[in-house]
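The values are calculated or read from the model by the stated rules, or taken from the named source; none is laboratory data. Computed from a prediction, not measured in an experiment: that's the story for all the values here. Don't worry about glycine lacking a Cβ; one is built from the backbone with ideal geometry, like all the others, and counts go over all protein chains shown. Areas reflect the complete protein model, heavy atoms only, side chains present, ligands, DNA and RNA absent. Shrake-Rupley method; radii C 1.70, N 1.55, O 1.52, S 1.80 Å.
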Amino acid sequence: MTVRRKKGWEIPEREATPEALFLDRRRVLKALGVSGAILAAPAALRFATDPAAERRGRMAAGKAANPAETPELVQAPRNPRYTLDRPLTEELLAISYNNFYEFGSHKGIFRAAQALVTDPWTIRIDGAVEKPFEIGFEDLLQKVALEERLYRHRCVEAWAMAVPWTGFPLKALVDLARPLGKAKYVRFQTFQNPEIAPGHREAYYPWPYTEGITVAEATNELAFLVTGAYGKTLPKQMGAPLRLALPWKYGFKSIKSIVRVSFLENRPKSFWEALQPREYGFWANVNPDVPHPRWSQAREKMLGTGKMIPTRLFNGYGAFVADLYKGLEGERLYT
Ligand SMILES: Nc1nc2c(c(=O)[nH]1)N[C@H]1C(S)=C(S)[C@@H](COP(=O)(O)O)O[C@H]1N2
Ligand SMILES: [Mo]
């Protein structure tokens, strides 16, 4: 993992992650891993959004990390351009309340996801590019500059969090790929291996997990390829070693554990669109005024706070992305 020096303009690390808490969590995780004991959940988990989630979070925390897997620290300068309107989500909660259907259709996939082998990891770039190629994850890291960004995340299930991601702009990968002029869409694909991922043994799902965005969206400054969280290497359950963060879209667009990036002339159909076309579509921009067929999107639960807060159009990122959708007002941006 590349370690980069702090730049002068960097906001001190502790403003994102209070140092004391940070050290404490590491100690807690380590202790849990060593003893395997079920420890009292930290405060954040006690205030989880609903009792079932709390129970799951507590269980996940109780079963927590294998200390051998404790991710190394990644120091990347914080980009001060991306600010939050809410506190960061407690790390222990963010890493133990996850969606990663490859490892199960519940929030406690933390444990199962440890089976994922992330080293070595190769990413294939293909489709409408000058020359298709494969690149190893470590080689890719040598070609980009890592930074930290504080981003909001809004799941279509109406829970939300705020996370310090480490990574690099997706545009850097698009530039490396050298797409042809006819490429209008980018499709991302997650690993597929039924031997390690129990979800892959369920034929009901249209594996592999794929997602798609336009090239214009992919080159928007907000589109971010994530390699770490909370100043550490990305935990497997969060989509190691490489996942997307598209903070203005519902969370399912932020595809995890990417192995293939394809440039296409036609709009691809994603995993969720293939599974439930009446509920999930291509754009999936966060929009409080367009309810999911089965629930309202007007408000969201901030993980760990128990608070319901109003949902914001484009998850509050309209200043960065609204221009992308000029002329598309006729389409339901949700779908
Ligand atoms: N490959 C893959 N990527 C995925 C998912 C998934 O099930 N498989 N779930 C998505 C959903 S619905 C959300 S909300 C986010 C959750 O990310 P987190 O677990 O890191 O919070 O990952 C997204 N990316
Ligand atoms: Mo989600």
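Assorted remarks:
- For residue 112, the test of being of a type in the set (A, V, I, L, M), crowded, with 21+ Cβ neighbours inside 10 Å and under 18 Å from the mean Cα position of the chain (by Cα) is failed.
- For the stretch 194-222, taking the residues that are in contact with a strand residue (DSSP E or B) (Cβ under 7 Å, 6 or more places away or on another chain) and of a type in the set (A, V, I, L, M), the one that is nearest to ligand 2 (Cβ to nearest atom) is identified as 213.
- Scanning the stretch 214-231 for residues that are open to solvent by 10 Å² or more (accessible area, probe 1.4 Å), assigned to a helix (DSSP H, G or I) and free of Cβ contacts under 8 Å to residues at least 60 places away in the same chain yields a count of 1.
- So residue 320, is it among the hydrophobic types (A, V, I, L, M, F, W, C) and either farther than 29 Å from residue 266 by Cα or over 18 Å from the mean Cα position of the chain (by Cα) (or both): yes
- Residue in the stretch 232-255 that is in contact with a helix residue (DSSP H, G or I) (Cβ under 7 Å, 6 or more places away or on another chain), among the polar types (S, T, N, Q) and touching a residue at least 60 places away in the same chain (Cβ under 8 Å) present: yes
- So residue 268, is it away from ligand 2 (no atom under 16 Å from the Cβ), in contact (Cβ under 8 Å) with a residue 60 or more places away in the chain, in a loop (DSSP other than H, G, I, E, B) and closer than 20 Å to residue 95 by Cα: no
- Inter-residue pairs, beta-carbon under 9 Å, first modelled with pLDDT under 95 and in the stretch 316-330, second not in a helix (DSSP H, G or I), 6+ apart: 328/283
- Residue identified as modelled with pLDDT of 95 or more, within 16 Å of ligand 1 (Cβ to nearest atom) and not small (Gly, Ala, Ser) among 219, 210, 214: 210
- In this structure, residue 120 does satisfy being open to solvent by 80 Å² or more (accessible area, probe 1.4 Å) and free of Cβ contacts under 8 Å to residues at least 24 places away in the same chain.
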